[in-house]
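Below: one structure, written as structure tokens.
The values are calculated or read from the model by the stated rules, or taken from the named source; none is laboratory data. Just so you know, these numbers come straight off a predicted model, no measurement behind them. Every residue, glycine among them, receives a Cβ derived from its backbone with ideal geometry; neighbour counts consider all protein chains shown. Accessible surface areas use protein heavy atoms only, side chains included; no ligands, DNA or RNA. Shrake-Rupley method; radii C 1.70, N 1.55, O 1.52, S 1.80 Å.
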Amino acid sequence: GLVAGYALDALFGDPKRGHPVAGFGRAAAALERRLYRPDRRSGAAFTALAVGAPVLLGAAAAIGTRRRPVARAVLVAGGTWAVLGGRSLRHEAEAMGSALRAGDLPAARQRLGNLCGRDPSSLDEAEVTRATVESVAENTSDAVVAPLFWGALAGLPGLLGYRAVNTLDAMVGHRSARYARFGTPAARLDDLLNLVPARLTGLLTIAVAPVGRGDRERAWRVWRRDRADHPSPNAGQCEAAMAGALGVRLGGRNVYFGRSEVRPFLGDGPRPDPRHLPRAARLSGAVGLAALGLAVAYPLTVGRLTSALARRAARAGAGAGAAKASAVRDMKASVTKARDMKASAGRGR
């Protein structure tokens, strides 16, 4: 199912109409309007309901297809296709590079909203390019590696639950006056679910660096040195590895709508230019394929071993429980027999 879903995303990308994630976003927005209060308790209730619904739906589908492996594979394929965004991410990077190389800065600014939430109105070519490289690096984890990771680990509930959390983070997890407290639970949960995938993305980026004409040693050095400098616990893992693989310097002042942030520099060398965008797209694609390989290998290796150990522990627990119950029954029988013998001796006297 994971392989088929990845293939569908690679071939067709995101559906143009009726995308399930967009439908979830509309439903989550309607729920937000009902539950919104400027506090974390309301945000936690909103996050629990919005994430719990798709997780329960995925769990019900998994249970319902427990003895129907083909039906389960079809469901997992559809879920994987719905939550992955690898092809669209690479397409946006390549389209951005084409627009910038053609000197069409207005078109590039207009496309930037498909990748990140920065205000593009005042960005020059260098800043648009940097924003694109950083978004490709981070979204390789969010849109490809993390869904495959949770799909391999938890099946359909993992796929749907992760995408729900990531979508909520994009909707309410940013630092604005409205969501400063309400969006905190969704943002923290997204950080938690991405702790392992983001680091895996950084390591895979280093491993496949030659695909983008990069150097593994430099990528490894930059990743180890700069990954913790980013204010996000996860984005720096991906961006530092990408900066090292491409041999560029990322970071600086980011302008959002109504606010700005100054972030530390990641990497050495020049600022990225449009020629780096196709290389970033190739790296993203190679990381996705490597993550797919790990996702497929997991249930065939570690997953089977874990399941076997769990079944063995369950059998051992059941055996211990049966032995304990038998011992209790024997003890009760001994007590009853002693009581009867005592009563019989009393009647004899």
In this structure, does residue 277 turn out to be over 15 Å from residue 154 (Cα atoms) and either crowded, with 16+ Cβ neighbours inside 10 Å or at pLDDT 90 or above (or both)?
yes
Say whether the condition of being of a type in the set (A, V, I, L, M, F, W, C), in contact (Cβ under 8 Å) with a residue 12 or more places away in the chain, open to solvent by 10 Å² or more (accessible area, probe 1.4 Å) and under 22 Å from residue 90 (Cα atoms) is met by at least one residue in the range 185-199.
no
Here are the criteria: (1) open to solvent by less than 60 Å² (accessible area, probe 1.4 Å); (2) touching an Asp or Glu at 6+ places or on another chain (Cβ under 9 Å); (3) not hydroxyl-bearing (Ser, Thr, Tyr). Tell me which single one residue 90 does not satisfy.
(2)
Of everything in the range 43-74, what is hydrophobic (A, V, I, L, M, F, W, C) and open to solvent by 70 Å² or more (accessible area, probe 1.4 Å)? Give them in sequence order.
49, 56, 57, 63, 70, 74
Could you please let me know if residue 232 is more than 23 Å from residue 92 (Cα to Cα), part of a strand (DSSP E or B), open to solvent by 30 Å² or more (accessible area, probe 1.4 Å) and among the hydroxyl-bearing types (Ser, Thr, Tyr)?
no
Name the one entry in 228, 241, 235 that is free of Cβ contacts under 8 Å to residues at least 60 places away in the same chain and of a type in the set (Gly, Ala, Ser).
228
Output for the range 71-89, where each listed residue is in a helix (DSSP H, G or I), over 17 Å from residue 110 (Cα atoms) and of a type outside the set (Gly, Ala, Ser):
72, 74, 75, 76, 80, 81, 83, 87
Which condition number does residue 120 fail, the rest of (1) assigned to a helix (DSSP H, G or I); (2) out of contact with any Cys (no Cβ under 7 Å at 6 or more places or on another chain) being met?
(1)
Return the residues of the range 11-24 that are in a helix (DSSP H, G or I) and either open to solvent by 40 Å² or more (accessible area, probe 1.4 Å) or at pLDDT 95 or above (or both); say none if nothing qualifies.
11, 12, 20, 22, 24
Restricting the range 211-224 to residues that are within 15 Å of residue 277 (Cα to Cα) and not hydrophobic (A, V, I, L, M, F, W, C), which is most open to solvent (accessible area, probe 1.4 Å)?
213
Test of understanding: among 222, 255, 262, 248, which residue is farther than 20 Å from residue 197 by Cα, among the aliphatic types (A, V, I, L, M) and at pLDDT 95 or above?
248
Of all residues in the range 96-132, how many are under 27 Å from the mean Cα position of the chain (by Cα), under 28 Å from residue 11 (Cβ atoms), surrounded by fewer than 17 Cβ atoms within 10 Å (Cβ to Cβ) and small (Gly, Ala, Ser)?
1
Considering only residues that are modelled with pLDDT under 95 and among the β-branched types (Val, Ile, Thr), which ones fall in the range 282-304?
296, 301, 302
If I ask for residues that are open to solvent by 10 Å² or more (accessible area, probe 1.4 Å), among the aliphatic types (A, V, I, L, M) and assigned to a helix (DSSP H, G or I), which ones from the range 140-184 would you list?
143, 152, 153, 154, 156, 160, 170, 171
From 36, 6, grab the single residue that is hydroxyl-bearing (Ser, Thr, Tyr) and buried (at least 16 other Cβ atoms within 10 Å of the Cβ).
6
